[in-house]
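Structure first, commentary second.
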Amino acid sequence: MNLSPPDSVHSGTTNKPGRPSRAGKPQEAEPAPAPGVASITHLANKLAEYLTPAELKRVKEAYRFSDEMHLGQVRKSGEPYISHPIAVAEICADWKLDAQAIMAALLHDVIEDQDVKKEELIERFGPQVANLVDGLSKLEKIEFQSVVEAQAENFRKMLLAMASDVRVILIKLADRLHNMRTLGVMVPAKKRRIAGETMEVYVPIAHRLGLNDIYRELQDLSFSHLYPLRYKTLAKAIKAARGNRREVVKKILDAVKNTLATAGIQAEVYGREKTLFGIYKKMRNKHLSFSQVLDVYGFRVVVDSIPNCYVALGTLHGLYKPMPGKFKDYIAIRKINGYQSLHTSLIGPYGTPVEFQIRTQEMHRTAESGVAAHWLYKTGDQNMSDLQQRTHAWLQSLLDIQQQTGDSAEFLEHVKVDLFPDSVYVFTPKSKIIALPRGATPLDFAYSIHTGIGDHTVAVKINNEPALLRTELHNGDIVEIETDPNSRPSPTWLSFVRTGKARSAIRHYLRTINLNESVELGRELLAAALGQLGVSGEIPAGTIERLLAESSAKSMDELYADLGIGKRMPALVARHIVGLQGGDVDSMPAQPSHGGELDPVTIYGSEGVSVQLAPCCLPIPGDQIIGQLRRDQGLVVHTGDCSQAKRLRLKEPDRWIAVQWGGELNRRFDCRIRLLINNEKGILARVAAEIGESDANITYVGMDEDDEHMMTQLRFTIQVKDRVHLAHLIRNLRRVVGVNRVERERS
């Protein structure tokens, strides 16, 4: 995750002079723009379509001020810097955002780049514009302990500003979109960093707000910079296929239009090409070649009413045969971002699968513009108000998480979970639909309704049957929560809740409302862990000072509270204390104070940020493992034979401890394997099919060709349960025709 302030296209290498003098009045006439560079004229013409003359005058004042502030500053491409704010404002004008938002778009970099004070913006343009600009500005003047902390805090600031005014994120998305459109001038490393940040943060936000146009374009632009060769190859294949399929597309369009007209349904029908990233994702997830992805084209049918959506669906099913299991009704159960349509896949001419989306005009506006449709179409329509309510509820949940969260990194961790696009839809006993992230549990459901219900949950019924609180929910489940006013959250809940709201609420309760008990529990846990290491008595003041200096805790009570709520592992903190006191855990007596052997720390793989599985060797259950204590009191787990671990252990031997796998590990673990195969047709498909048949997931595929030996080396990152599962998979792969060698890839 990289949320560093982009030395992106818009800030690039610039000729940044000192802040220009602003004595005297602003100039009345706009300076003539350089040839081919965006000017205020085109923007003003676009804004004149819906702003009043007085509002337009205020926008021009903001433009003049921004132009003056950025005087002499240029972009990486050599264009005057002012062309970027104008381009951002034009994107906002396409959404018909109000005058204050357009002014903020023009001024969005003056605080960050030119040291303009917020007070000056309030005086010139009013508090609302100043607040929008401030929400878009990074916290570059504050010193943070680490880059990660700075990135997380900048992100938190932006999201909280968005929670109080959604225009902040709309302007930020417009800013990011223009930067991505002009990213070509950057060096490859910066392209990848900015594109990765866009794919990880801004694409999910656009999707969550229903801004599908922006969502798709940002996805494709990020894909083109993250994987340029794959992007070019796929674009070339689609261009070739476009000509071959033109006749099929025309035939389907004509047949659909004629059939709907005969049925008396007025409809707009048009074909749409799926995005490059959408096709790539389908190929990757389903292990298909491009030639196997037949439904590159889809069709959209826009009708005048909801009843006619279903009539059109029946008409199309009469024209072409529907594919079983390929119908989804997002009108009756809309998506979490407000999206509504009927989706159906049919067998078209020549046996080609064809996807249709059927929707009304209002649904189409919402599907393309999402929450921005609030400004585009102020119709008072019930569907629109429902979308606004959903968006408001999500933004409000960000404020709830902020109030319950201790630090920026934790806040970012919670929010990223809620940005995950896949959702399950479950029902309350009164048939209200609740959307939750995939993998959510009844506790997530309880907290999504109200924090008080979550805190007092004691039992649950799913589809009228008693179930465990950790049960994973599925689409269509009816969930009934039983509460008890005397019940309260347990630290063990943190190991299986899925949503950021539930996790932050539980931690907040354990940290604050139950603070004294958490501190006492943490104190007892640490004392027990130290006792196991043969250490007793008070911790020396010097050790405490060094311990707090190497962690994010401000006091020992905060550290004890973190231990009590399960945010830190007592065994790790105890070993850290031993190391700070000059002891070597490996050289400690074999007979600790309780008379038994020194127990290893038990790892379950679900401890969160406090424990990480080393990416160099990717340990899985069944491997001999060893742990490295980090200075932030976290733990990195390596395999016992990892070469990198051996080198690190020579440098800092006192930071290594014994660890072991726990039982009942209910999750999958990443593992790398390498195959040497014959370079022949269909081999990749056979290998991928065998991996799927062996109940393993593929998360990455790489390929190295050896022309001299007519061999190909395949590298997979797969997800397995343990070493036994991996051994079973390797045996199966060795039996695949064309596979010469299979081995697990080590460090």
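The values are calculated or read from the model by the stated rules, or taken from the named source; none is laboratory data. Computed from a prediction, not measured in an experiment: that's the story for all the values here. Quick reminder, even Gly has a Cβ in these numbers, built from the backbone with ideal geometry, and neighbours come from all protein chains shown. Accessible surface is based on the protein model in full, side chains and every heavy atom, while ligands, DNA and RNA are left aside. Shrake-Rupley method; radii C 1.70, N 1.55, O 1.52, S 1.80 Å.
Numbers below:
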{"quantity": "Radius ratio Rg over Rh of region 187-285, counting only Cα atoms, Kirkwood formula for Rh", "calculated": "1.11"}
{"quantity": "Solvent-accessible area, 1.4 Å probe, carbon plus sulfur percent, for region 432-493", "calculated": "50 percent"}
{"quantity": "Heavy-atom accessible area per residue - region 198-268, 1.4 Å, Å²", "calculated": "52 Å²"}
{"quantity": "Estimated distance in nm for a label pair at Met283 and Val737, the labels positioned 7 Å out from Cα along Cα-to-Cβ", "calculated": "2.6 nm"}
{"quantity": "Under-5 Å amide H pairs with Tyr81, H placed in peptide plane, nonlocal only", "calculated": "Gln73, Val74, Arg75"}
{"quantity": "Accessible area (Å², 1.4 Å probe, nearest 10) - Arg365", "calculated": "70 Å²"}
{"quantity": "Heavy-atom SASA rank of Arg498, Arg300 (probe 1.4 Å, accessible area, largest first)", "calculated": "Arg498, Arg300"}
{"quantity": "Mean Cβ count within 10 Å, highest first, over the residues of peptides 681-687, 427-433", "calculated": "681-687, 427-433"}
{"quantity": "With all protein chains modelled, accessible area of Val637 [1.4 Å, Å²]", "calculated": "0 Å²"}
{"quantity": "Å² per residue, accessible surface of region 47-108 at 1.4 Å", "calculated": "33 Å²"}
{"quantity": "Members of Lys335/Lys501; Lys251/Lys335; Lys335/Lys721; Lys274/Lys326; Lys46/Lys239; Lys326/Lys681 lying beyond 23 Å, as alpha-carbon distances in this model show", "calculated": "Lys251/Lys335; Lys335/Lys721; Lys46/Lys239; Lys326/Lys681"}
{"quantity": "Other-chain or far-sequence residues with amide H under 5 Å of Thr360's (modelled H)", "calculated": "Val303"}
{"quantity": "FRET efficiency for Ala189 and Lys232, using Cβ-Cβ distance with R0 set to 22 Å, rounded to 0.05", "calculated": "0.70"}
{"quantity": "Amide H contacts of Phe299 (H built 1.01 Å from N, under 5 Å, at least 5 apart or other chain)", "calculated": "Arg272, Glu355, Phe356, Gln357"}
{"quantity": "Area of Met703 that stays accessible when all protein chains are in place (1.4 Å probe, Å², to 10)", "calculated": "100 Å²"}
